Amino acid sequence: MRALSSLFLQVLLSNSRSIMLLLFLLMACRISFAQMSANDTLRVQKLLQLGQDELYKDSLEAAETYFLEAGKHSKRIGYKRGVATCLRSRIQVLDRQGRYAEGVALALQAVEVSKKVDQKDLARSYNFLGNMYHSQGDVTAASTAYLSALKIAQRIGDVPNQRMYGTNLATVIGEIGDYEKSFSYAHEAYQLARQTQDSLGMAKCLTTMVQSQLGLSNYDAASKYSLEQLQLAKKLADPALQILAYFNLGDLEIERKRYSDALTYYHQGLQVLENYPSPGHEFAISMGISTACLKLGKLSQAENYFKRSIALAQQVNAPLFLKPVYQLGYELYEKKNNPQLALDYHKKYGALNDSLVSAETQQSIQRMEIEYQTAQKEMEIAQQKLVLAQNNLEIEKRNRLIYLSLAVVLILLSVVIAFYMRYREKQKTNAQILQVLKQESELKALMAMIEGEEKERSRLARELHDGVGGILSAAKMHLSVLQSEVDWAGQTDKFQHTSSMLDAAAREVRSIAHNLSPEMFLLYELDEALSNFCRSVSNAYLQVDFYYLGESIRLKNSFKLVLYRMVQELINNIIKHADATQALVQLSLHDNVLQLTVEDNGKGFEMAEGKGIGLANLQARAKEMHGELTVETSPGNGTTVYAEFDITPFLEKDTAETIAV
């Protein structure tokens, strides 16, 4: 049982033209990286935090979705630290699901990416690689990875992480039976955690310290460390650490032959598992309960938990999990007087033990072979360098004709490369021109459609204003004449009420006509038009503020109308649905990038439920204008809509020429 305990500790837990072109490309890359928006990295961090929140809530699929999205965005913007962090975050999900082989593959990727980040990040990736190797049962590979992480941490003075890497290494050393050295590493890491007041680190160190003391049969010390670990786990409200603490206490009582007390601790761990599903943790607790029941003679209960243990071991696909299960099965069915099953499990245990030993031997041989091949390759490289040096001496002795021939060849090669690069540059330029022409064509078609829509709106506005508005005015006039010509004693209130209703109808018609065809675009620019609109919709129940940042600039009416309609739609949504008291419309211009923000302090909504046709249409319209629109909201936290546009195609001709100059 002690070997089983130590097994799960980490599982759970050319020419001048060419040169000029090269310099230009390098400068362009440098500028591109320098101008990478902080919003991009913030988005990665936000997605990672959302994923961690879902992981904390045991929503593993949702967490993995957020981590994948963060990784894609990091790759898109060239954010290598983000890529490495996303890979390590996905490994956390795979570990909880028992998908250890996939975890090893991702950890190896993380190590390669981290080599391009910094030493601290590389140490973290080596630690995750060690975790996954350990979960697979490859103790040698896990030790190598942990030791690499620890050496880096010590070299760069990363004290907090020295504690964690030392603890992991101590766990592996304990599994191979060197309990004194395991305790030494774990205790040193514990002291580091205590100095930095790292309660979580102390609790993790105590896990390894308990197992080391159990291995040394120091039960009093193991009990002391187990209780301290349980106290810290409860203080931190960490379910994984609480399960480990109960598991350690159960193991301790098994060693003391207090099987009833052990069963009590295991069941307490099982209660925590109800709100923290984890195949690895459940396997350990189930094995503990089965062992305790077997010792108490409760063979039916022991068999039930044994079957659950073997199912979980097969689920996580870890051969080392099956080894203690088969041994327990042999003991269980021997007591149940079922010699056939007992013999079957005994054979499975022997076969698996032999295969694991063979695999370990093969891994060691392969590593020695790789080391030998590496030494051989280094020797071959040294010999090749010697031959090259001798050849260089011989070349230097040759006559000037050979040098002249080489110079001619180099010149010809440079000319060929120059012509080729010029040809590729022309191809690239032509492709860019075609892309620009295509975008301009699409934009013209969109502008024509928008102008058509606005013409129809203007026609409807005139019909309402001149037609319906005129009829209402005539009706009011006739009503006034009728009132003056006939004595309507006692009916004055009714006449006045009818007259006021006609006035209200006329005002409503005028308001609709103005909204359909906002004349202010003929007089004002976009910022002034939006400012007037916000003032007009503000009332005693909703205050709509408008801010503009940047210089005033002339835009095409078609583009101004699109943005005006978008703001109208968003403010109408706030009035109808948000129950807000304050709203903000902000417009900012910087380097021909126009940013629009509309937010409120209303009730918000769930994006999965609240993204209706209106928001989808707004996002589609923004995309058609070569922009992007995003929505951030949650119940009780209001709503923020953010849109961004490149206004270069929408500048008035004289404005565009001024900016170009």
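The values are calculated or read from the model by the stated rules, or taken from the named source; none is laboratory data. What you are looking at is a predicted structure, and each value in this text was computed from that prediction instead of being measured. So basically every Cβ, Gly included, is an ideal-geometry build from the backbone, and we count neighbours across all protein chains shown. Please note that ligands, DNA and RNA were not included when accessible areas were found on the heavy atoms of the full protein model with its side chains. Shrake-Rupley method; radii C 1.70, N 1.55, O 1.52, S 1.80 Å.
Taking the criterion of being closer than 21 Å to Ala101 by Cα and either at pLDDT below 70 or among the aromatic types (Phe, Trp, Tyr) (or both), the residues of the range 306-327 that qualify are Val316, Asn317, Ala318, Pro319, Leu320, Phe321.
Among the residues of the range 535-549, those that are of a type outside the set (Ser, Thr, Tyr) and not in a strand (DSSP E or B) comprise Arg535, Val537, Asn539, Ala540, Leu542.
To keep it simple, each residue is scored yes or no on (1) over 44 Å from the mean Cα position of the chain (by Cα); (2) modelled with pLDDT of 75 or more; (3) surrounded by fewer than 12 Cβ atoms within 10 Å (Cβ to Cβ); (4) part of a helix (DSSP H, G or I).
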{"residue": "Gly329", "(1), (2), (3), (4)": "no, yes, no, yes"}
{"residue": "Tyr333", "(1), (2), (3), (4)": "yes, yes, no, yes"}
{"residue": "Ala342", "(1), (2), (3), (4)": "yes, yes, no, yes"}
{"residue": "Lys348", "(1), (2), (3), (4)": "no, yes, no, yes"}
{"residue": "Ser358", "(1), (2), (3), (4)": "no, no, yes, yes"}
{"residue": "Ser364", "(1), (2), (3), (4)": "no, no, yes, yes"}
{"residue": "Ile370", "(1), (2), (3), (4)": "no, no, yes, yes"}
{"residue": "Thr374", "(1), (2), (3), (4)": "no, no, yes, yes"}
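The requirement of being modelled with pLDDT under 85, more than 36 Å from the chain's Cα centre (by Cα) and open to solvent by 40 Å² or more (accessible area, probe 1.4 Å) is fulfilled somewhere in the range 533-542, by at least one residue. Looking at Ser290, Ser309, Ser300, which one is of a type outside the set (A, V, I, L, M), more than 14 Å from Tyr349 (Cα to Cα), open to solvent by less than 30 Å² (accessible area, probe 1.4 Å) and over 37 Å from the mean Cα position of the chain (by Cα)? Exactly one residue qualifies, and that residue is Ser290.
When the residues of the range 247-286 are filtered to those that are among the hydroxyl-bearing types (Ser, Thr, Tyr) and under 18 Å from Gln301 (Cβ atoms), which remaining residue is surrounded by the fewest Cβ atoms within 10 Å (Cβ to Cβ)? It would help to see each step written out before you state the result.
Restricting attention to the range 247-286, the residues satisfying the condition of being among the hydroxyl-bearing types (Ser, Thr, Tyr) are 259-260, 264-266, 276, 278, 286.
Adding the requirement that they be under 18 Å from Gln301 (Cβ atoms) leaves 259-260, 264-266, 286.
Numbers: Tyr259: 19, Ser260: 10, Thr264: 15, Tyr265: 26, Tyr266: 28, Ser286: 25.
Per the criteria, the residue is Ser260.
Summed over the range 70-88, the residues that are touching a Leu at 6+ places or on another chain (Cβ under 6 Å) and at pLDDT 90 or above give a count of 1.
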